[in-house]
Amino acid sequence: EAKGDTVEKFVFDEVTFFDPRNTTASHFYFVEPEDQRGINCRFGMRGIVAENHYDLSRNMIAILGGERRYIIAHPAQCSKMALYPAQHPSGRHSSFDWSNPSDWDVHPEFRTAEVNEVVLHASDVLYLPTSWFHYISNLSLNYQCNIRSGIGHENADAIRDCGFNPKDKPKDVSEEQ
């Protein structure tokens, strides 16, 4: 057995979700590789924010220069995010400015939301699972690239409980065997 084969076998045995030969386990990140639409890159100017929202797919974000602050929350916090109704053009987004504490009085439930904060610097990468909430502030001129990798369904119930309708979970092929 060649050394490369041994290393590959060890890695895939230990972290099966990266093994492209195991289609069920490798869906950890690339759940729909055929739907991959490439890498998107953006510049951010200091002080510009992206209001809180959740995305409908998995997202891997790499900071190539500068700094960005992310406040992230699990989809189970949905009821505390003061989202616009699902039918609203800005559905999936919070209906108020998180950076304005006086707006917090209008949405007292927000004060009890459990969130995490991370500041990303050049060379940092953040993985956001499907439906995770994120509020982004640009702390300096920055540039980042991200790649989306399909829809994970592990948080569909939390989003559905909040009045949103995520895409239906596809039939599990392992159930057919």
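For the range 97-122, which positions are over 29 Å from residue 62 (Cβ atoms) and surrounded by fewer than 18 Cβ atoms within 10 Å (Cβ to Cβ)?
In the first step, residues of the range 97-122 are kept if they are over 29 Å from residue 62 (Cβ atoms); the result is 100-112.
Within the range 97-122, 100, 101, 102, 103, 104, 105, 106, 107, 108, 109, 111, 112 meet the criteria.
In this structure, does residue 85 turn out to be touching a residue at least 24 places away in the same chain (Cβ under 8 Å), more than 20 Å from the chain's Cα centre (by Cα) and in a loop (DSSP other than H, G, I, E, B)?
On the way: touching a residue at least 24 places away in the same chain (Cβ under 8 Å): yes; more than 20 Å from the chain's Cα centre (by Cα): yes; in a loop (DSSP other than H, G, I, E, B): yes.
Taking the combined requirement at face value, the residue satisfies it.
Considering only residues of the range 148-161 that are modelled with pLDDT of 85 or more and open to solvent by less than 40 Å² (accessible area, probe 1.4 Å), which is farthest from residue 40 (Cα to Cα)? So the residue we want is 158.
For first residues located in the range 106-124 and under 15 Å from residue 83 (Cβ atoms), partners that are open to solvent by 80 Å² or more (accessible area, probe 1.4 Å) and lie 6+ apart or on another chain with Cβ distances below 7 Å form the pairs 109/79.
Restricting 139, 120, 128 to those that are of a type in the set (A, V, I, L, M, F, W, C), in contact with a Leu (Cβ under 8 Å, 6 or more places away or on another chain) and under 20 Å from residue 41 (Cβ atoms) reduces the list to 120.
Can you say whether residue 91 is modelled with pLDDT of 85 or more, open to solvent by less than 30 Å² (accessible area, probe 1.4 Å) and either touching an Asp or Glu at 6+ places or on another chain (Cβ under 9 Å) or over 22 Å from residue 158 (Cα atoms) (or both), as far as the supplied structure shows? Taking the combined requirement at face value, the residue does not satisfy it.
The values are calculated or read from the model by the stated rules, or taken from the named source; none is laboratory data. What you see is a predicted model, and the numbers here were worked out from it, not measured in a lab. Note that we place each Cβ from the backbone using ideal geometry, even for glycine, and neighbour counts take in every protein chain shown. Note: accessible area is taken over every heavy atom of the protein model, side chains too, but ligands, DNA and RNA are not part of it. Shrake-Rupley method; radii C 1.70, N 1.55, O 1.52, S 1.80 Å.
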